[in-house]
Every structure is written in C-alpha cells, then in structure tokens.
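Peer 1: Have a look at the structure that comes next, please.
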Ligand SMILES: [Zn+2]
C-alpha cells in the first residue's frame with residue numbers, strides 16, 4: 001500500500017512592521033509562491049533564489065498590490081460567512097427531509113403490516 005505523498009509547503013514572504021512583504025528564509029522543504037518549480041530544501045538555496053529576477057519582481061508586485069490583498073481578504077471573509085450560512089440552511093433542510101423520510105418509512109411499514117394482517121382475514 002502506498003503512503004500518501006507529502007506535499008511541500010509553499011513559501012510566501014512575511015509582512016514587516018511597515019506592512020511590506022519581505023523575504024524571510026525558512027529551512028523547511030518548500031516551493032516558492034513566485035511560480036518557480038524548484039523544491040528548496042534549505043535557507044541557502046532559498047536565499048539564492050530570492051536574488052533571481054522572477055522572485056524579486058514577484059515581491060515588488062506583491063507590495064504594489066498589498067492594498068488589493070486587504071480588500072480581497074475582507075471580501076473573501078464576507079463570502080465565507082455567507083457560504084457558511086447557506087451550508088447551515090442546506091443542512092437544516094437535509095435534516096428535515098431525513099426526519100420526514102423516517103416518518104414516511106414508519107407509516108409505510110405500518111401500512112404493509114396492516115395490509116398483511118387484513119389479507120389473512
Ligand atoms: Zn520565488
């Protein structure tokens with residue numbers, strides 16, 4: 001039996017005290033969120049990757065769009081709350097239908113028993 005594959009984490013820059021995205025190397029095995037296909041397995045390799053143009057441009061873009069990230073985060077929180085309410089409503093409907101189905105099955109069983117007893121008369 002195969003063991004489940006371990007999916008490496010994805011690296012994203014952290015936010016400093018000024019609210020800017022900055023690189024902070026990690027010693028975990030991870031891919032970089034900039035789109036690089038390399039699997040980094042140490043701070044040295046990750047630090048070297050931080051100096052590449054594709055990674056530097058990605059961090060610059062993240063910082064240019066950081067205000068959008070906040071508004072998107074707020075939008076997704078609201079969407080999540082709405083979807084949780086919808087899921088809860090759907091769950092209540094399912095529970096109601098399950099109770100109704102059990103009641104109908106009981107009625108059906110009683111009807112069959114009664115019909116069977118009447119057929120013996
Ligand atoms: Zn990168």
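Peer 1: Mind checking which helices (runs of 4 or more DSSP H) fall wholly inside the range 17-121 and carry at least 2 residues that are within 25 Å of residue 7 (Cα to Cα) and within 15 Å of the ligand (Cβ to nearest atom)?
Peer 2: Those helices (runs of 4 or more DSSP H) span 43-50, 53-64.
Peer 1: To continue, here is another question. Inspect the range 8-16 for any residue being more than 16 Å from the ligand (Cβ to nearest atom) and surrounded by 11 or more Cβ atoms within 10 Å (Cβ to Cβ) and give the result as yes or no.
Peer 2: Among the residues of the range 8-16, at least one is more than 16 Å from the ligand (Cβ to nearest atom) and surrounded by 11 or more Cβ atoms within 10 Å (Cβ to Cβ), which makes the answer yes.
Peer 1: Just give me the residues in the range 48-68 being in contact with a helix residue (DSSP H, G or I) (Cβ under 8 Å, 6 or more places away or on another chain) and surrounded by fewer than 12 Cβ atoms within 10 Å (Cβ to Cβ), in sequence order.
Peer 2: Correct list: empty.
Coordinate-derived values only; no laboratory data. Just so we're clear, the structure is a prediction, and the values are computed from it rather than from any experiment. Cβ coordinates were reconstructed from backbone atoms using ideal geometry, including for glycine residues, and neighbour counts include every protein chain displayed.
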